[in-house]
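The values are calculated or read from the model by the stated rules, or taken from the named source; none is laboratory data. If you're wondering where the values come from, they're calculated on a predicted model, not measured in any experiment. So basically every Cβ, Gly included, is an ideal-geometry build from the backbone, and we count neighbours across all protein chains shown. Heavy atoms of the whole protein, side chains included, go into the accessibility calculation; ligands, DNA and RNA do not. Shrake-Rupley method; radii C 1.70, N 1.55, O 1.52, S 1.80 Å.
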Amino acid sequence: MPIDIKSLNYEELLAQVEAMGEKKFRGKQLYEWMHVHLARSYDEMSNIPKALKAKLEEQCSYTSLEVEDCQISAIDGTRKYLFALADGNMVESVLMHYKHGNSVCISSQVGCKMGCRFCASTLDGWLRNLTPSEMLDQIYAIQHDTGERVSNVVVMGTGEPMDNYDNIVKFIHLLSDEHGLNISQRNITVSTCGLVPRILDLAEEDLAITLALSLHASNQEKRKALMPIANTYDIHEVLDACRTYFAKTGRRVSFEYALVAGVNDGEEDARELTELIGDMNCHVNLIPVNPIKERDYVSSTHEAVLRFKMRLEKNGINVTIRREMGRDIDGACGQLRRKHLERKD
Ligand code: SAH
């Protein structure tokens with residue numbers, strides 16, 4: 001296997017270049033080309049000698065994405081990208097413009113094996129993990145395409161990041177490295193459906209990122225009906241892991257809660273949810289569920305969402321309603337990729 005050069009961290013790259021018989025400063029130049037100038041091939045690296053480029057071509061692979069499709073929202077300028085990976089697989093990423101900066105939502109796997117009932121990303125199953133370089137490439141390609149700096153990254157696209165743990169941790173270090181794009185760890189959020197052992201591992205990594213837990217239900221029974229992972233880790237167990245995450249990192253955990261009409265948006269749900277998380281320093285992000293055509297889940301009405309929010313707030317819980325971005329384009333996770341796969345069949 002050739003070395004995936006863009007997945008090497010700064011020290012590893014310098015060591016690699018030295019092992020190839022080159023001076024250390026060439027490693028610094030290479031790192032800057034890849035992670036600051038976002039070069040899409042060795043060809044663009046104007047101060048790297050031809051002989052070294054030839055050696056690199058021979059021994060290392062250089063990932064880069066092709067834009068397969070890009071939908072731009074006429075409402076808010078949100079851009080949804082479909083990228084082709086080197087092996088022909090497709091991944092989706094989204095760019096959202098906020099007052100506080102540009103936020104990119106990336107995918108962490110090709111497909112997903114978690115099977116959440118309301119999610120389009122999992123319908124065709126899991127194909128493979130993304131490498132750290134392929135996760136970086138999504139951000140680099142978007143920054144390159146728009147010419148605008150990306151300031152926030154959320155790992156909330158297709159895939160379960162905690163099921164691709166080592167690559168995610170490496171990706172976070174590369175993304176926040178001072179020699180590279182240098183995105184503050186405080187501006188990076190990783191969302192998980194709740195793989196308890198990996199949440200506990202993450203708590204030990206000494207990272208300042210935000211952990212988001214996809215909670216989506218107010219009790220174990222309801223969570224099990226929506227999310228198969230609840231069969232492996234009970235709702236109380238995963239919440240305890242979040243408590244540990246906060247205790248170790250001091251970072252407030254976010255809970256994602258997709259509101260489904262008549263399923264998890266009632267008064268009793270708000271009461272049960274308060275009992276579950278009322279003691280925690282946390283934040284709840286309410287998302288009216290984005291219906292997918294393969295399932296018959298219906299989104300809560302705007303009034304029901306507001307009522308749910310007020311009930312939680314009355315109980316002293318921090319709540320926001322996720323602003324729906326790019327409503328006029330294929331918004332829900334995995335929908336653009338799925339549409340593409342269907343077209344191919
Ligand atoms: N596997 C990770 C990250 C990817 S999903 C996780 O489960 O957190 C990102 C978020 O979008 C999760 O909270 C997920 O539950 C939510 N999501 C997936 N499909 C959705 C839909 N149709 N409507 C609303 N939210 C959805």
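Once the other residues with Cβ under 15 Å from the Cβ of residue 298 are scored (Lys, Arg +1; Asp, Glu -1), what is the net sum? Spelling it out: positives minus negatives among the neighbours equals -1. For the chain, find the longest principal axis of its Cα atoms and tell me its angle to the long axis of helix 235-249, 0 to 90°, nearest 10. Computed tilt is about 50 degrees. Legend: residue pairs 224/309; 99/339; 6/55; 28/53, Cα-Cα distance threshold 19 Å; pairs beyond threshold, 224/309; 99/339. The angle between the Cα long axis of helix 132-146 and the main principal axis of the chain comes to about 90°, on a 0 to 90 degree scale.
Applying both filters, DSSP loop and at most 16 other Cβ atoms within 10 Å, to the GluC sites (Glu not before Pro) of the range 264-345 gives 294, 324.
Of all DSSP bridge pairs formed entirely within the chain, close to 45 percent run antiparallel. Its Cα gyration tensor gives the range 1-121 an equivalent ellipsoid, and the semi-axes of that ellipsoid, as √(5λ) in whole Å with the largest first, are 33, 18, 14.
Counting charges near residue 210 (Lys, Arg +1; Asp, Glu -1) among other residues having Cβ under 11 Å from its Cβ returns a value of +3.
For the range 3-61, the C-alpha radius of gyration sits at 0.97 times the compact-globule guess of 2.2 N^0.38 Å, with N the residue count. How large is log10 I(q)/I(0) at q = 0.13, 0.20 Å⁻¹ when the Debye formula is applied to the Cα atoms of the range 248-313, each weighted equally and without solvent? Log10 I(q)/I(0), no solvent term: -0.39, -0.80.
With a 1.4 Å probe rolled over the protein heavy atoms of all chains, the accessible area of 25, 118 falls in the order 25, 118, largest first.
Overall dimensions of the range 205-286, expressed as equivalent-ellipsoid semi-axes from the Cα gyration tensor (√(5λ), whole Å, largest first), are 22, 14, 11. Accessible surface area normalised per residue over the chain is 44 Å², counting heavy atoms of protein chains with a 1.4 Å rolling probe. Projecting label points 7 angstrom from Cα along Cα→Cβ for residue 146 and residue 47 puts them 2.9 nm apart. A Cβ-based charge dipole, computed about the Cα centre of the range 3-61 with Lys and Arg at +1 and Asp and Glu at -1, lands at about 200 debye.
The alpha-carbon positions of the range 169-240 define a convex hull whose volume is 91 Å³ per residue.
For the chain, find the longest principal axis of its Cα atoms and tell me its angle to the long axis of helix 302-314, 0 to 90°, nearest 10. Between the helix axis and the principal axis of the chain, the angle is about 80 degrees.
Between residue 296 and residue 166, the distance separating the two model label sites (each 7 Å from Cα on the Cα→Cβ line) works out to 4.5 nm.
With viscosity set to 1.567 mPa s and temperature to 4 °C, compute the Stokes-Einstein D of the range 221-345, Rh being the Kirkwood radius across alpha carbon pairs; µm²/s, no decimals. It diffuses with D of about 80 µm²/s by this estimate. For residue 314, the lysines whose Cα falls under 24 Å of its own Cα, not counting residues fewer than eight places away in the same chain, are 222. Using only Cα coordinates, the Kirkwood hydrodynamic radius of the range 227-266 works out to 11.9 Å. The figure for residue 320 is an accessible area of roughly 60 square angstrom, using a 1.4 Å probe on the protein chains alone.
Counting only protein heavy atoms and a probe of 1.4 Å, the accessible surface of the chain is 48% carbon and sulfur. Computed from Cα atoms alone, the Kirkwood hydrodynamic radius reported for the range 66-344 is 19.0 Å. Counted residue by residue at 0.36 nm each, then reduced by the alpha carbon distance between them, the extension gain from residue 321 to residue 184 reaches 46.9 nm.
Kirkwood hydrodynamic radius of the range 61-166 from all distinct Cα pairs, in Å?
That comes to 14.1 Å for the range 61-166.
In this entry, the range 133-289 is assigned a mean projected area of 9.6 nm², taken as a quarter of its C-alpha convex hull surface.
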